[in-house]
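**Student:** Mind having a look at this structure? Questions to follow.
The values are calculated or read from the model by the stated rules, or taken from the named source; none is laboratory data. Note that the structure is predicted; figures quoted are calculated from it, not measured. Note: ideal-geometry Cβ built from the backbone for every residue, glycine included; neighbour counts use all protein chains shown. Quick note on the areas: whole protein, heavy atoms, side chains included, nothing else; ligands and nucleic acids left out. Shrake-Rupley method; radii C 1.70, N 1.55, O 1.52, S 1.80 Å.
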Amino acid sequence: MSLPKFEFVAPKTVAGAISLQKDNAKFIAGGTDLLVAMKRRISSPSVIIDLNKISNLKRIKWNKKDGLRIGPLITLTQLKENPLVGKHLPGLSQIVPLISAPQLQNMGTIGGNLCLDARCYYYNQPVFLKKKREPCLKAGGQVCHVVKSGNRCHAVYSGDMAAPLMALGTRVKITGYSKTKELALRKFFSGSGIKPNILKSDELLTDIIVPPQPESSGFSYRKLRLRDTLDFPLLGVAVFIDLDEKDGRCKDFCLILSAVGPSPVVVEAATKMMRGKRMTPKLMDRVAREAQKKAHPVDNAASSPGYRREMVRVLIKKAIREALIPFSKV
Ligand SMILES: Cc1cc2nc3c(=O)[nH]c(=O)nc-3n(C[C@H](O)[C@H](O)[C@H](O)COP(=O)(O)OP(=O)(O)OC[C@H]3O[C@@H](n4cnc5c(N)ncnc54)[C@H](O)[C@@H]3O)c2cc1C
């Protein structure tokens, strides 16, 4: 598969990159998602704005107040190997090997991962396979091939980094032509399969800020996929727990589900159910069942919705147990 023709520019500053944005231009970081989409003619930008020459976007810094400030152009491999990440957020480094494969981790960036387009079995296909069907909503058509009577796009946000980063209370900085804003990562996602994040075409994700984690906290990310060597998640479950070490009660709890819809799902009910309680297998099971109600996988990925839904409960319990390992309470 060849790439369509495009103009290539490589500015050295964020302002330069933003000023080069025009209709149908696209930013590129590692290119592991965008170039595949271009080869499949899912995306055909006339201009590609390469971000790799912007050194400001390639830094990782730590300070006690804000925690880790990660530039979006940090590759997944750099994230895994960075000593500051290893010291302050080792859980984050451990997620990287779960994402795609080493070659893609070497090229793919954390920013590109968060800005990943939503995927669908019917949409992410070569042109010759898609020709047989009417264009779907994501391709600018009027139908959804997944939910036939549906009037919204069911493409799935399938990035692996968003759920764990959300569970850790991450914020992101967005820089646009005239203003800069900082918001919680959970507000970065739009809920739309057609365009899964809120970035405007002339806005760049410029910082990923992960706050310092309480010493009394534990964290886990579990992923369901067909082949452990390569595949996108069929389901992702991220859990954060902060425990009162004196009485073993839960001070804070966060549960995020990924790859079950167009945006990662924050299970607010789980936080309410856990706060102030001691972790027991019964409570974990209740929380897992409650969370299952929030997952509505549809038939647009490589395994059945029923199986993925069932696995929500299984992975949540595994993730909670893993997050509790530092406390060895359960
Ligand atoms: C075979 C295969 C398997 C994969 N498996 C997984 C997997 O298991 N889990 C997973 O999470 N991903 C997977 N991926 C997707 C991808 O490799 C990673 O998500 C990677 O981190 C994407 O980063 P990138 O820098 O290559 O993104 P790019 O392709 O460069 O960009 C992706 C999108 O983000 C936009 N973008 C990039 N950076 C910015 C920025 N700073 N500001 C604004 N917009 C920006 C681009 O314009 C583009 O729309 C897989 C890909 C392939 C080809």
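**Student:** At a Förster radius of 45 Å, what calculated FRET efficiency corresponds to the Cβ-Cβ distance of Ala15 and Glu310, to the nearest 0.05?
**Tutor:** Working: r = 49 Å, r/R0 = 1.09.
Calculated transfer efficiency: 0.35.
**Student:** Shifting gears a bit: Against the 2.2 N^0.38 Å scaling, with N counting residues, where does segment 225-278 land? I'd like the Cα-based Rg ratio to two decimal places. Show your work: numbers first, answer last.
**Tutor:** Numbers: Rg = 14.4 Å, N = 54, 2.2 N^0.38 = 10.0 Å.
That ratio works out to 1.44.
**Student:** Students often forget the sequence filter, so: which aspartates and glutamates lie under 20 Å Cα-Cα from Lys87 once same-chain residues fewer than 8 apart are removed?
**Tutor:** Asp66, Asp207, Glu215, Asp242, Glu322
**Student:** Then there is this: For the pairs Lys53/Lys80; Lys58/Lys195; Lys130/Lys317; Lys132/Lys195; Lys58/Lys277, flag any whose C-alpha to C-alpha distance is greater than 31 Å.
**Tutor:** Working: Lys53/Lys80 22 Å; Lys58/Lys195 26 Å; Lys130/Lys317 39 Å; Lys132/Lys195 24 Å; Lys58/Lys277 41 Å.
From Lys53/Lys80; Lys58/Lys195; Lys130/Lys317; Lys132/Lys195; Lys58/Lys277, over 31 Å: Lys130/Lys317; Lys58/Lys277.
**Student:** If you don't mind, another one. If you take every residue apart from Val172 with its C-beta less than 12 Å away from the C-beta of Val172, what net charge results, scoring Lys and Arg +1 and Asp and Glu -1?
**Tutor:** Numbers: positive: Arg69, Arg171, Lys173, Lys181, Arg186, Lys187; negative: Glu182, Glu203, Asp207.
Net of charged neighbours comes to +3.
**Student:** Another question about this same structure. Mind pulling the angle between the C-alpha long axis of helix 281-292 and the longest principal axis of the chain? Nearest 10 degrees, somewhere in 0 to 90.
**Tutor:** The helix 281-292 is inclined about 20 degrees to the chain.
**Student:** Okay, moving on. Going by average Cβ neighbours within 10 Å, how do the peptides 88-100, 252-264, 132-144 rank, with the highest at the top? Spell out each step's value before the answer.
**Tutor:** Details: 88-100: 19.1, 252-264: 24.0, 132-144: 15.1.
The packing order, highest mean first, is 252-264, 88-100, 132-144.
**Student:** Treat each spin label as a single point 7 Å out from the Cα along the C-beta direction, and report the Asp299 to Lys282 distance in nm.
**Tutor:** 4.0
**Student:** For Ser2, what is the net charge nearby, where nearby means another residue's Cβ is under 15 Å from its Cβ and Lys, Arg count +1, Asp, Glu -1?
**Tutor:** Computed value for this residue: +4.
**Student:** Average the reciprocal distances over every distinct pair of alpha-carbons in segment 217-324, invert the result, and give the Kirkwood radius in Å.
**Tutor:** Numbers: mean 1/r = 0.0716 Å⁻¹.
Its Kirkwood hydrodynamic radius stands at 14.0 Å.
**Student:** Moving to a separate point now. What is the angle, in °, between the Cα long axis of helix 305-324 and the longest principal axis of the Cα atoms in the chain? Nearest 10 is fine, range 0 to 90.
**Tutor:** Helix 305-324 sits roughly 50 degrees off the main axis of the chain.
**Student:** A further question on this structure: According to the Kirkwood expression over distinct Cα-Cα pairs, how big is the hydrodynamic radius of segment 1-101, in Å? Don't skip to the answer; put the middle values down first.
**Tutor:** Details: mean 1/r = 0.0652 Å⁻¹.
Computed over Cα pairs of segment 1-101, the Kirkwood hydrodynamic radius comes out at 15.3 Å.
**Student:** Sticking with this one: With just the Cα atoms defining each centre, how far is segment 295-325 from segment 135-173? Give it in Å.
**Tutor:** 17
**Student:** Only Lys, Arg, Asp and Glu count, each charged at its Cβ (+1, +1, -1, -1), so figure out the dipole size of segment 217-324 about its Cα centre, rounded to 20 debye. Don't skip to the answer; put the middle values down first.
**Tutor:** Values: 22 positive and 13 negative charges, 70 e Å.
I would put it at about 340 debye.
**Student:** What does DSSP give for the chain in terms of the percent of beta bridges that are antiparallel, rounded to the nearest 5? List each step's numbers first, then the result.
**Tutor:** Working: 39 of 47 bridges.
In the chain, DSSP labels about 85 percent of beta bridges as antiparallel.
**Student:** Sort 170-183, 15-28, 112-125 for me by packing, meaning the mean count of neighbouring Cβ atoms within 10 Å per residue, highest on top. Working shown, then result.
**Tutor:** Details: 170-183: 14.8, 15-28: 16.5, 112-125: 21.8.
So the peptides 170-183, 15-28, 112-125, ranked by packing, come out 112-125, 15-28, 170-183.
**Student:** Please compute the per residue accessible area over segment 1-159 with all protein chains in place, 1.4 Å probe, rounded to a whole number of Å².
**Tutor:** 52
**Student:** Taking each pair of distinct Cα atoms in segment 51-187 once, what is the resulting Kirkwood hydrodynamic radius in Å?
**Tutor:** It works out to 17.2 Å.
**Student:** Grab the other residues whose beta carbon is less than 13 angstrom from that of Leu230, score K and R as +1, D and E as -1, and report the net.
**Tutor:** Details: positive: Lys223, Arg225, Arg227; negative: Asp160, Asp228, Asp231.
Local net charge: 0.
**Student:** Of all the C-alpha pairs in the chain, what % are more than 26 Å from each other?
**Tutor:** Numbers: 26228 of 54285 pairs.
Tail of the P(r) past 26 Å holds 48 percent of the pairs.
**Student:** Where does each of 245-251, 204-210, 287-293 land if you order them by average Cβ count within 10 Å, highest first?
**Tutor:** Details: 245-251: 12.6, 204-210: 22.9, 287-293: 18.4.
Ranking the peptides 245-251, 204-210, 287-293 by packing returns 204-210, 287-293, 245-251.
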